[in-house]
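J.: First the structure, then my questions, so here it is.
The values are calculated or read from the model by the stated rules, or taken from the named source; none is laboratory data. This structure is a prediction, so every number in the text was calculated from the model and none was measured. We place every Cβ from the backbone using ideal geometry, glycine too, and count neighbours over all the protein chains shown.
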Amino acid sequence: MKKVINYFLQGLLYVAPISITFYILYIIFDFADGLLEDILESIIGTRVPGLGLVLIFVFLVIVGMIGQSIFARPFKKLFEKLLSRAPLLKLVYSAMTDLFSAFVGKEKKFNQPVIVQLNPGSNLEKLGFLTNEDLKKLNVLEKVAVYFPHSYNFSGELYIVPKTQVRALDINPAVLMKFIVSGGISDLNITNAHN
């Protein structure tokens, strides 16, 4: 009986991550496809699975192309002017814009992996990403901003730490993010650079 339970757990170990990944992808696909489902069904007269997702993808590509053109600049300025009249909306909008551009924009922000000694004199260190080296506007000198993602979660914390406690890591940022989010269990060879 013990062997059967062991085989069951091994099978669960193989199947669960794949199943959960596909389930999450299915939920995202179903949600995105369902956004336009009723509209498309009334126009076409039948339901075509995936058509809503394709149209959303095409729409976002077109918006991206237009957003990069000269024609969009006046609209961007008008939108920003309208946002300036609603400070709370401007705050949320700018924070979301910065967050998305940090991951997928031209100026990716999480591209400098670091390891930070948390308390001088201890061996306790934490992995993160250097996000800002110039904190003069905060009246903070000799310190930098380091973002620490949480494990098994897509959130994190920002710490302001002395530069002397931060060491750059010679590692691909995506690999480090995967390592942190997995709680340190993903396969990883860390090579330190710049001591």
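J.: Just the residues that are β-branched (V, I, T) and in contact (Cβ under 8 Å) with a residue 24 or more places away in the chain, please, taken from region 13-63. Before the answer, list the steps.
T.: From region 13-63, those β-branched (V, I, T) are 15, 18, 20-21, 24, 27-28, 39, 43-44, 46, 48, 54, 56, 58, 61-63; that's our starting set.
Within region 13-63, just I56 meets the criteria.
J.: In region 123-146, how many are in a strand (DSSP E or B) and at pLDDT below 85?
T.: Residues in region 123-146 being in a strand (DSSP E or B) and at pLDDT below 85: 2 in total.
J.: Name the residue, out of L118, L91, L99, L83, that is modelled with pLDDT of 80 or more and surrounded by 10 or more Cβ atoms within 10 Å (Cβ to Cβ).
T.: Values: L91 fails: modelled with pLDDT of 80 or more; L99 fails: modelled with pLDDT of 80 or more; L83 fails: modelled with pLDDT of 80 or more.
The match here is L118.
J.: With within 19 Å of T97 (Cβ to Cβ) and in the same structural domain as T97 (by TED's automatic domain parsing) as the only criterion, which of S42, S69 stands out?
T.: Values: S42 fails: within 19 Å of T97 (Cβ to Cβ).
Among S42, S69, only S69 is within 19 Å of T97 (Cβ to Cβ) and in the same structural domain as T97 (by TED's automatic domain parsing).
J.: Before we move on, is D33 touching a Leu at 6+ places or on another chain (Cβ under 6 Å) and at pLDDT 75 or above? Quick ask: steps written out before the conclusion?
T.: On the way: touching a Leu at 6+ places or on another chain (Cβ under 6 Å): yes; at pLDDT 75 or above: yes.
Answer is yes for this residue.
J.: Tell me which residues, restricted to region 102-115, are modelled with pLDDT under 75 and either loosely packed, with under 12 Cβ neighbours inside 10 Å or outside any helix (DSSP H, G or I) (or both). Lay out the reasoning, then the answer.
T.: Step one: of region 102-115, the residues modelled with pLDDT under 75 are 102-110.
Of everything in region 102-115, those that are modelled with pLDDT under 75 and either loosely packed, with under 12 Cβ neighbours inside 10 Å or outside any helix (DSSP H, G or I) (or both) turn out to be F103, V104, G105, K106, E107, K108, K109, F110.
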